[in-house]
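Step one of this worksheet: look at the structure below.
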Amino acid sequence: MKKHNYSAGPCILPQEVFEKSAQAILNFNDSGLSLLEISHRSKDFVAVMEEARALVIELLGLEGKGYQALFLAGGASLEFVMVPYNLMKEGGKAAYLDTGTWASSAIKEAKLFGDTVIVASSKEENYSHIPKGYTVPSDADYFHCTSNNTIFGTQMKEFPSVDMPLVCDMSSDIFSRVLDFSKFDIIYAGAQKNMGPAGTTLVIIKEEILGKSGRKIPSMLDYEKHIKAESMYNTPPVFPVYASLLTLQWLKNLGGVAAVENLNNAKAALLYNEIDRNPLFKGAAAVKDRSNMNATFLLNDVAHTETFDVMWKAAGISGIPGHRSVGGYRASMYNALPLESVQVLVDVMKALETKV
Ligand SMILES: *Cc1c(COP(=O)(O)O)cnc(C)c1O
């Protein structure tokens, strides 16, 4: 039986993506060859890369606005390094919003390159909310934020208007909601949270911001080199890129980002309503900053843990234990998770109430 998969990442993908990508490993495009044994420079794979890059731009409404999409390797974590390398001037300054573990990892890397200002942090409150009302120093080379805090279950609902390049780590909520994506100059996302398997990182760049840091950048870390090589500077991660393309096609057929946002809103409302209604549970994050992707919640009485755990496992649910830094539970409701799976979890929470 297929499980109700709430894993935070790598995570659930559409079933048709699993099926079609499995088929491509056996026989890609009816070529008699596996996707894994053909040249990345072959016509068939170049077409995959081109379509994937173009679909990203189309789905985010960025056509004709000077953006390039790249499928790189090294995870979102390598972007923590590439962003300052490409944007921070020698002796320059960068500004960061500290909203969680990933944001603070990005800050740690930026500090290797120069003056890194933390404009605000919710660390003292265990990142249970998104700081607001901060000011960004006007002489910063860029401002970096994290749209969705996967571990703590908070999500930025508004983004500041800044005079410098705006960079955002959207690893865990890319393609989940409509935003004015043209506000951003760099968006990056590890594929494995909402787009595909682990092994590739999507980077979307407004080309005009590049080439201004004055730094000598190693080729593999240089966005301009990757753009010039059309995301094929070296052998790209062919399988993750192909599976990501299948997910993007699935999303387009569904009606695009706006359509999946409606679904995501319905799933989040269903679960948060139950967390708030059910006297046995409480949410972990500030209500106004709650993430529609990762819902963190706790049992009011930890004595019910074992009973609840037995019940959700019996219902075919997988992947909801919380991250060690929050405890309790985390239900990750990425694009491919069906509403029915959320209903199953809510039914278990209701059943616990009648049982204890
Ligand atoms: C998972 C995650 C990362 C780390 O991604 P890797 O691809 O493993 O490097 C970074 N930022 C956010 C917001 C994440 O959720």
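Tabulated values for the structure
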| quantity | calculated |
| --- | --- |
| Listed residues L72, L339, L112, most fluctuating in the chain (Gaussian network, C-alpha, under 10 Å) | L112 |
| Loop chymotrypsin sites (Phe, Trp or Tyr not before Pro), region 191-291, which have at most 16 other Cβ atoms in a 10 Å radius of their Cβ (DSSP) | Y233 |
| Loop trypsin sites (Lys or Arg not before Pro), region 26-88, which have at most 12 other Cβ atoms in a 10 Å radius of their Cβ (DSSP) | R41, K65 |
| Loop sites in region 193-230: trypsin sites (Lys or Arg not before Pro), DSSP, at most 10 other Cβ within 10 Å | K216 |
| Calculated log₁₀ intensity ratio I(q)/I(0) where the Debye formula runs over C-alpha points of the chain, q = 0.07 Å⁻¹ | -0.31 |
| Candidates H323, H304, H129: whichever shows maximal mean-square fluctuation once the chain is modelled as a Gaussian network with Cα springs under 10 Å | H304 |
| For the chain, size of Cβ-based charge dipole, Lys and Arg +1, Asp and Glu -1, in debye | 360 |
| Estimated vicinal HN-Hα couplings, Hz - region 312-324 in sequence order (Karplus 6.51, -1.76, 1.60; Gly, Pro = x) | 6, 5, 5, 7, x, 8, 9, x, 9, x, x, 5, 4 |
| Global form of region 50-109, assessed from the alpha-carbon gyration tensor, a/c cut-off 1.5 | prolate |
| Phi-based couplings in Hz for region 199-204 (Karplus 6.51, -1.76, 1.60; Gly and Pro marked x) | x, 9, 10, 7, 10, 10 |
| Extension reserve of the E63-E230 stretch, reckoned as 0.36 nm per residue once the Cα distance is removed | 58.5 nm |
| Nearest-0.05 FRET efficiency for V344 and V302, computed from C-beta distance (R0 25 Å) | 0.60 |
| Probe 1.4 Å, protein heavy atoms only - accessible area per residue of the chain in square angstrom | 42 |
| Euclidean distance between Cα centres, region 338-352 to region 137-199, Å | 30 |
| The chain: antiparallel DSSP beta bridges as a percent of all, rounded to 5 | 55 |
| Share of carbon and sulfur in the accessible heavy-atom surface of region 36-78 [1.4 Å probe, %] | 53 |
| Pairs from K2/K183; K2/K282; K183/K216; K111/K267 whose Cα-Cα separation, in the structure shown, is over 31 Å | K2/K183; K111/K267 |
| Region 23-67 and region 272-286: distance between their alpha carbon centers, rounded to Å | 42 |
| Total charge dipole magnitude, region 256-355, about the Cα centre, Cβ charges on Lys, Arg, Asp, Glu only, Debye to nearest 20 | 160 |
| Carbon + sulfur, % of accessible area of region 79-135 - ligands and nucleic acids excluded, 1.4 Å | 51 |
| Percent accessible area from carbon and sulfur atoms, region 309-356, protein chains only, probe 1.4 Å | 56 |
| Gaussian network model of the chain, springs between alpha carbon atoms under 10 Å - residue of G211, G133, G92 with greatest fluctuation | G133 |
| Residue (of L263, L339, G327) at the positive-pole extreme of region 255-356, dipole from beta-carbon charges | G327 |
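The values are calculated or read from the model by the stated rules, or taken from the named source; none is laboratory data. Keep in mind that what you see is a predicted model, and the values were worked out from it rather than measured. Ideal geometry is used to build each Cβ from the backbone, glycine not excepted, and the neighbour counts take in all protein chains shown. Remember, those area values only see protein heavy atoms, side chains included, never the ligands or the DNA or RNA. Shrake-Rupley method; radii C 1.70, N 1.55, O 1.52, S 1.80 Å.
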